[in-house]
Amino acid sequence: MPETRDFELNPRLIELASGARRIVALTGAGISTESGIPDYRGPNGLWASQKPPELGDYETNEAARIGFWQERRRRYPQMLAREPNAGHLALAKLERAGKLLGVITQNIDGLHQKAGNHPERVVELHGTTHEIRCMACGRRYAGIDLQRRLDAGEADPRCPVCGGVLRSGTILFGEPLPPAAIEQALALSQAADLMLVIGTSLVVNPAARLPLIAQRAGAAVAIINREPTPLDERVEIVERGDAGPILGALAQYALGV
Ligand code: NAD
């Protein structure tokens with residue numbers, strides 16, 4: 001978190017954030033790039049190389065699962081080691097100050113919770129990589145426990161209770177988003193007085209629709225992103241740049257510290 005207000009923010013954004021009582025953040029992969037997790041569609045994006053598997057394929061094809069777990073075994077330790085950056089910490093600070101109602105995230109990295117946002121105030125539209133689920137009985141297991149099993153040599157780990165196929169808690173291609181998460185995201189969007197849209201290319205629904213839903217319900221919307229997005233022309237404020245320093249400065253101004 002910067003100690004000085006060294007970032008020139010749009011004065012209207014400072015005014016809105018200072019007066020806001022129900023800020024809702026909508027975050028995408030861009031808020032976590034400063035923690036060392038690449039985004040998907042940015043210039044160094046992972047879109048081409050690391051798409052999640054297709055739902056149908058995964059359930060029925062043992063080879064697809066083995067490939068998935070091999071890749072996960074290699075990557076998960078790095079994911080676990082990632083730390084929240086100034087952007088995540090600023091949102092947690094706004095929540096502690098009673099100004100932030102919730103975070104709707106497309107990310108699966110768990111960094112909002114690690115930064116201190118209450119888990120019940122974080123809506124994970126695409127699930128979480130820190131949870132493993134049984135496709136047969138629905139039991140849930142911690143990502144770290146599964147990692148131990150993969151490290152011990154299991155290639156296609158099964159549910160220890162019912163023997164069902166296990167999967168990551170992240171959504172697969174071809175799978176609908178969890179209805180409860182969509183409902184929560186809609187409710188938060190409609191309750192916001194200020195929506196901060198951070199580090200998302202806004203090309204995938206329903207996340208891409210949420211800022212307009214918030215706007216229709218009376219919220220001001222500010223987009224904070226390195227690159228242009230399809231909604232830039234339709235929102236009140238666009239801050240172009242890195243989320244960490246922008247949010248760090250914004251939290252300081254908004255909280256008058
Ligand atoms: P995206 O990759 O499509 O877009 C990221 C956007 O953030 C880009 O427009 C980029 O210019 C911007 N950006 C990158 N770094 C930034 C920074 N430091 N500050 C401000 N802006 C920055 O991301 P998306 O819209 O979230 O869609 C990608 C999908 O991939 C998501 O649905 C998510 O589930 C998944 N994903 C998640 C993670 C993660 O959990 N950290 C990482 C990669 C992909």
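The values are calculated or read from the model by the stated rules, or taken from the named source; none is laboratory data. Predicted model, so just to flag it, every value in this text is computed and none were measured. A quick note on method: Cβ atoms are made from the backbone with ideal geometry, for glycine too, and the neighbour counts reach across all protein chains shown.
Overview of results
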item: Residue in region 211-239 that is farthest from the ligand (Cβ to nearest atom), counting only those that are free of Cβ contacts under 8 Å to residues at least 60 places away in the same chain and in contact with an Asp or Glu (Cβ under 8 Å, 6 or more places away or on another chain); result: 218
item: Residues of region 179-207 satisfying the condition of being of a type in the set (A, V, I, L, M) and more than 24 Å from residue 14 (Cα to Cα); result: 180, 181, 182, 185, 186, 187, 203, 204, 207
item: Residue check for residue 181: under 14 Å from the mean Cα position of the chain (by Cα), modelled with pLDDT of 95 or more and surrounded by fewer than 20 Cβ atoms within 10 Å (Cβ to Cβ); result: yes
item: Single residue of 132, 108, 104 found to be in contact with a Phe, Trp or Tyr (Cβ under 7 Å, 6 or more places away or on another chain) and buried (at least 18 other Cβ atoms within 10 Å of the Cβ); result: 132
item: Region 125-145, residues that are in contact with a helix residue (DSSP H, G or I) (Cβ under 8 Å, 6 or more places away or on another chain) and farther than 30 Å from residue 187 by Cβ; result: 144
item: Failed condition for residue 144, given (1) of a type in the set (A, V, I, L, M, F, W, C); (2) at pLDDT 95 or above; (3) not in a helix (DSSP H, G or I); result: (3)
item: Which numbered condition residue 168 misses (of (1) over 30 Å from residue 73 (Cα atoms); (2) within 15 Å of the ligand (Cβ to nearest atom); (3) of a type in the set (Gly, Ala, Ser)); result: (1)
item: Flag if residue 154 is surrounded by fewer than 21 Cβ atoms within 10 Å (Cβ to Cβ), modelled with pLDDT of 95 or more and of a type in the set (D, E, K, R); result: yes
item: Residue list for region 188-203, restricted to those being surrounded by fewer than 18 Cβ atoms within 10 Å (Cβ to Cβ) and in a loop (DSSP other than H, G, I, E, B); result: 203
item: Hits in region 99-131 (condition: over 17 Å from residue 81 (Cβ atoms), in contact with a Gly (Cβ under 6 Å, 6 or more places away or on another chain) and either more than 16 Å from the ligand (Cβ to nearest atom) or in contact (Cβ under 8 Å) with a residue 40 or more places away in the chain (or both)); result: 106, 121, 127
item: Scan of region 192-210 for residues that are more than 25 Å from residue 248 (Cβ to Cβ) and within 12 Å of the ligand (Cβ to nearest atom), ordered by number; result: 203, 204, 205, 206, 208
item: Residue in region 170-183 that is in a strand (DSSP E or B) and of a type in the set (Gly, Ala, Ser) present; result: no
item: Residue tally, condition under 26 Å from residue 35 (Cα atoms) and exposed (fewer than 15 other Cβ atoms within 10 Å of the Cβ), over region 233-255; result: 2
item: Residues located in region 84-134, provided they are touching a Pro at 6+ places or on another chain (Cβ under 8 Å) and part of a strand (DSSP E or B); result: 127
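Let's see how each residue does on (1) in a helix (DSSP H, G or I); (2) on the phi < 0 side of the Ramachandran plot; (3) modelled with pLDDT of 95 or more; (4) in contact with a Ser or Thr (Cβ under 9 Å, 6 or more places away or on another chain):
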{"residue": "205", "(1), (2), (3), (4)": "no, yes, no, no"}
{"residue": "211", "(1), (2), (3), (4)": "yes, yes, yes, yes"}
{"residue": "224", "(1), (2), (3), (4)": "no, yes, yes, no"}
{"residue": "230", "(1), (2), (3), (4)": "no, yes, yes, yes"}
{"residue": "247", "(1), (2), (3), (4)": "yes, yes, yes, no"}
{"residue": "250", "(1), (2), (3), (4)": "yes, yes, yes, no"}
{"residue": "253", "(1), (2), (3), (4)": "yes, yes, no, yes"}
